[in-house]
1. Give me the pairs: first residue in the stretch 55-78 and within 17 Å of TYR25 (Cα to Cα), second residue assigned to a helix (DSSP H, G or I) and of a type in the set (D, E, K, R), beta-carbon distance under 8 Å, and six or more apart or on different chains, which are they?
2. Scan ALA72, ALA87, ALA46, ALA55 and give me the residue that is of a type in the set (A, V, I, L, M, F, W, C) and at pLDDT below 90.
3. Which of the residues spanning the stretch 54-89 are touching a Ser or Thr at 6+ places or on another chain (Cβ under 8 Å) and open to solvent by 30 Å² or more (accessible area, probe 1.4 Å)?
4. Of the residues GLU50, GLU131, GLU102, GLU95, which single one is among the acidic types (Asp, Glu) and within 20 Å of LYS10 (Cα to Cα)?
5. I'm told PRO30 meets every condition in (1) under 30 Å from the mean Cα position of the chain (by Cα); (2) open to solvent by 90 Å² or more (accessible area, probe 1.4 Å); (3) not aromatic (Phe, Trp, Tyr) except one. Can you identify the failing condition by its number?
6. Let me spell it out: the conditions are (1) open to solvent by 50 Å² or more (accessible area, probe 1.4 Å); (2) modelled with pLDDT of 90 or more, and SER99 meets all of them except one. Which number is the exception?
7. Would you mention how many residues in the stretch 1-27 are open to solvent by 40 Å² or more (accessible area, probe 1.4 Å) and under 20 Å from GLU95 (Cβ atoms)?
8. Starting from the stretch 85-111, take each residue that is within 22 Å of LEU52 (Cα to Cα) and list its partners that are open to solvent by 60 Å² or more (accessible area, probe 1.4 Å), counting only C-beta distances under 8 angstrom and pairs at least six apart or across chains.
Amino acid sequence: MNSSSGIKRKSSVLAQPYQAALRRYLKQGPTASLQPALRLGRQAVALGLETLDLALIHEKAMISQALPIDSATARDRIIHRGGAFFAKAILPMEETHHSALEANINLSRLNQSLNQSTLDLSASNRQLKNEIVRRRVVEETLRQSERNTSRLLEQSRH
């Protein structure tokens, strides 16, 4: 199954409950709760839908609700209230996107810090290697000096 058909299937799972909840919300008037929209938004996130997928579901639901209305004023009111429903429904998605953006920013900072630490460790390793080479040279010089001193001491005893 490709991702397009998977999205369509997931969208169809949410489309009917969304349309029913929107219809109830619009019928209840200004005192209606937006909690069903929030629950549907969470369900959309759980299904892996994106904001555009939910916007398409909302558009179809709004067409079925607003198209039969003859009065322009009543249609505008329905569209405005439908917009509030949609805004509440996408809130969980936006929170998820915001969290992902923050996580990416933090990850980027950690990567920069790790890169700097890697550079610092590389520089320290180079310094240590140079110090090891320098000490070996000094040790060899001391050994030669010791041999030379021992040889001179032997010669002076003879």
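The values are calculated or read from the model by the stated rules, or taken from the named source; none is laboratory data. Just so it is clear, the model here is predicted, and its values are computed rather than measured. Quick reminder, even Gly has a Cβ in these numbers, built from the backbone with ideal geometry, and neighbours come from all protein chains shown. Each accessible area value is taken on the protein alone, full model and side chains, heavy atoms only, with ligands, DNA and RNA left out. Shrake-Rupley method; radii C 1.70, N 1.55, O 1.52, S 1.80 Å.
1. Taking only residues 6 or more apart or on different chains, the pairs are ALA61/ARG23; GLN65/ARG23; ALA66/ARG75; ILE69/ARG75.
2. Numbers: ALA87 fails: at pLDDT below 90; ALA46 fails: at pLDDT below 90; ALA55 fails: at pLDDT below 90.
Within the list ALA72, ALA87, ALA46, ALA55, the selection yields ALA72.
3. Step one: list which residues in the stretch 54-89 are touching a Ser or Thr at 6+ places or on another chain (Cβ under 8 Å), which gives 56-57.
The one that is touching a Ser or Thr at 6+ places or on another chain (Cβ under 8 Å) and open to solvent by 30 Å² or more (accessible area, probe 1.4 Å): LEU56.
4. Numbers: GLU131 fails: within 20 Å of LYS10 (Cα to Cα); GLU102 fails: within 20 Å of LYS10 (Cα to Cα); GLU95 fails: within 20 Å of LYS10 (Cα to Cα).
None of the others qualify; the one that does is GLU50.
5. Evaluating PRO30 over (1) under 30 Å from the mean Cα position of the chain (by Cα); (2) open to solvent by 90 Å² or more (accessible area, probe 1.4 Å); (3) not aromatic (Phe, Trp, Tyr) leaves (1) as the failure.
6. The failed condition is (2).
7. Result for the stretch 1-27: 1.
8. PRO92/ARG42; MET93/GLU50
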